[in-house]
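Nothing in this text is a laboratory measurement; each read-out follows from the coordinates by a stated rule. Please read these numbers as outputs of a predicted model, since none were measured by experiment. Cβ placement follows ideal geometry from the backbone for every residue including glycine, while neighbour counts extend to all protein chains displayed.
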Amino acid sequence: MNNGLDVEDFLMRILLVEDDPVMRTFMRVILQSEPNMEIEVAADGKEGLEKFFLNPPDMVILDLRMPQVDGFEVLETIRAKHDASVWLPVIVVSHSDSDEEPLRAFRLGADDFMVKPVNKEILQRKVRNFRRVIGLQRSNQHLAMQVTAVTDDINVGLITTDESGIVNWCNQSANCMFGICESELEGLHMSYLLEEIRNFDFKECRIEGAAEVNGMQRVRMKATKEDGETFPVELSASKLTVRGEPMCAFELRDLTDIERIEEMKREFLSVINHELRTPLTSINGALSVLKSGKLGDMPDKAMRMIDLAHRNGQRLHRLINDILDFEKIEEGKLDMQLKPQSMKDMTQNGVSAMEGLAKSSKVRLSLKLPDEDLIAKVDADRIEQVMTNLISNAIKFSPPGGKVQVRLSQRVGQAVVEVQDWGAGIPDEFTQRIFTRFSQADQRDTRTKGGSGLGLAISKRLVEAMGGAIGFESIEGKGSTFYFSLPLSKEVVCG
Amino acid sequence: MGNAGGAEPLTRIMCVEDDPDIRELLQMALEDLAGFELHLAEDAETGLSQVQGYAPQILLLDVMLPAMSGPEALPQFRQLTQEFGTRIIFLTAKASQRARSEFIELGADEVLFKPFDPVTLGDTLSSLWDNWQA
């Protein structure tokens, strides 16, 4: 990975403070022979300090014994005034073999020492070592800055806690999400931020009963800001180990905007539901009365127009129902009353309900039932909805004079309903999309066949919600068989 | 909610419905086609002030009404019609089994969904009434 900084190949600036001209030149020549090194020299302590603060170097080599301002004073001043967050190594040069001078210098903040006369190789090796440490330190800082820049900038709150749920790190977004831009979340218990997290297992980093997506749990919760205001978040948690310490990492997304949009969608759908159904009640109702002939006979042509209007009014009604159904399924709010039901009865009912359409489409509709009844635990209304959907599709895509066969059978613990037609079949390129919403092989079908493009998408979700499966086989030009299976139940059908 | 009179045929129906077209449709369905006596009210307040004078056998109560909704008005309608044993049916556009169970829970005798078919509405009410009388 290129983190933008090479550990050893950066330009290092060294300030060399030495009053002895011979020693100064000797050391300067050695240092200058090193690659990527810039050497600044000072002939006494005063000049050294001036040059240091004018343009702070990356490292200092400092003679301890100098007239007036000596090395100890220079060292003290540097350590007192220089920004301590930037590590600045100082190597002092001592004049004696005794430990006294270097020890005093260490206590004042020196990092290393050499004894005069300075050995060339020792100087070279020490400088190279410090250079490597400074390089590592800089690349670390650089990485840390990169990570901070990313974690602070992303619009997701990131929080880690220890095993007891105490926050030990968070990014800027998490702070701001909770309205604590000034102070920090660190040290707070997670339950202070998310009240509902009480029954969270911080050791295992799991929420009891929460759904899992790609190995990560995602749950919606109410979060509480510093000022007591609550807002919705989506929380996901994962377990990690940092330096041997188990931790929980939380990802928090503020759902305020998303929930507002969802609320608007719900309101919109509820308006659709009421405001469209009310006029449709009058339209379909009035047409139904006219059609019944109870207000007197109509000329044939007028009757045909009334029939046409009524048919389309009912189509609009089905479309509204389909859209609302689909939304309810997507939101997981479809209420299903699962009870042991007779598959034979439901299949029979599905076929009976479609006999009118078959007749008007001049399609022969036949039914094959097994001798023994099959029982499945399902919502009978919803299963009949799936059946009528599959049967009406088969009828609509059959030519006049064609036939549609509905079969119920038992296969390995499953009740299987098949609806076969001998129509045009499904084009290959459409087979992938057939159960996705608003898909019809031919856009013209929407008008000519009167479908919403939602029927199969709804059927699939309904069958799957009842523990079953749905599928089809089709040969273009030969016809299609749509089928669905439901697990058989040992329970008994109750009235 | 037993009916003291035994098998009394259904004749008097009251509907509370705010949409004027649907009121007209109800009139067509229940008066002209089914031959019942029908009393219409356009909101819950009007309905409440008239229900005792009319003493309906069945009250069709729209759920979404201006000011006071059907479910809000239900307890008062119940109280005012206790002596007549009036059956109260909600009429709603909120078509789902859950909505149905909710409204039954609230105390409705039955729930009918919009859109309804005016040609068969009279028969539907008659057979409900017969079941309740049985």
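General observations
- Fully extending the segment from A:VAL493 to A:SER360, taken as 0.36 nm per residue of separation minus the present Cα-Cα distance, adds 44.4 nm.
- Put in order of Cβ neighbour count within 10 Å, fewest first, the listed residues A:THR25, B:THR124 become A:THR25, B:THR124.
- Taking the DSSP beta bridges with both ends in chain B, the antiparallel portion is around 0 percent.
- Normalised by the number of residues in chain B, the average gap of Cα pairs under 8 Å and 6 or more apart makes the relative contact order 28 percent.
- Taking other C-beta atoms within 10 angstrom as a stand-in for reagent exposure, A:MET27, A:MET12 fall in the order A:MET12, A:MET27, fewest first.
- With 18 Å as the limit on Cα-Cα distance, the pairs of A:LYS460/B:LYS114; A:LYS403/A:LYS478; A:LYS46/A:LYS116; A:LYS222/A:LYS333; A:LYS339/B:LYS114; A:LYS344/A:LYS377 that go past it are A:LYS460/B:LYS114; A:LYS46/A:LYS116; A:LYS222/A:LYS333; A:LYS339/B:LYS114.
- Computed lengthening from A:GLN32 to A:ARG243, 0.36 nm per intervening residue step minus Cα-Cα distance: 71.8 nm
- In this structure the amide hydrogen of A:ARG65, modeled in the peptide plane, comes within under 5 Å of the amide hydrogens of A:GLY71, none closer than 5 places in sequence on its chain.
- Sites A:ARG315 and A:SER139 - FRET efficiency at Förster radius 60 Å, r taken between beta-carbons, to 0.05: 0.30
- Region A:59-84 versus region A:405-438: alpha-carbon centroid distance in Å: 88
- Averaging the sequence gap over all C-alpha pairs within less than 8 Å and six or more residues apart, then dividing by the number of residues, gives region A:107-236 a relative contact order of 14 percent.
- Pairwise centroid distance, computed over Cα atoms, of region B:22-71 with region A:117-196, Å: 71
- Computed from Cα positions, the angle between helix A:380-396 and the longest principal axis of chain A comes to roughly 70 degrees.
- Taking every C-alpha pair closer than 8 Å and separated by at least 6 residues, the mean separation divided by the residue count of region A:301-416 gives a relative contact order of 29 percent.
- Put a dot 7 Å past the Cα of A:ASP373, heading toward its Cβ, do the same for A:GLU234, and the two dots end up 4.5 nm apart.
- Neighbour counting of Cβ atoms within 10 Å sorts the residues A:ILE475, A:ILE470, A:ILE306, A:ILE61, fewest neighbours leading, into A:ILE475, A:ILE306, A:ILE470, A:ILE61.
- Once the Cα-Cα distance is subtracted from the 0.36 nm per residue extended length, the A:ASN119 to A:ASP152 segment shows a gain of 7.0 nm.
- Estimated FRET transfer efficiency when R0 is 60 angstrom, pair B:GLU37-A:GLU330 (beta carbons, to 0.05): 0.85
- Once the C-beta distance of A:ARG13 and A:SER98 is scaled by a Förster radius of 30 Å, the resulting FRET efficiency is 0.40 to the nearest 0.05.
- Between A:GLU163 and A:GLN348, the simple spin-label model (points 7 angstrom out along Cα→Cβ) gives 6.4 nm.
- Across peptide A:322-330, the mean count of Cβ atoms from other chains lying within 10 Å of each residue's own Cβ comes to 1.
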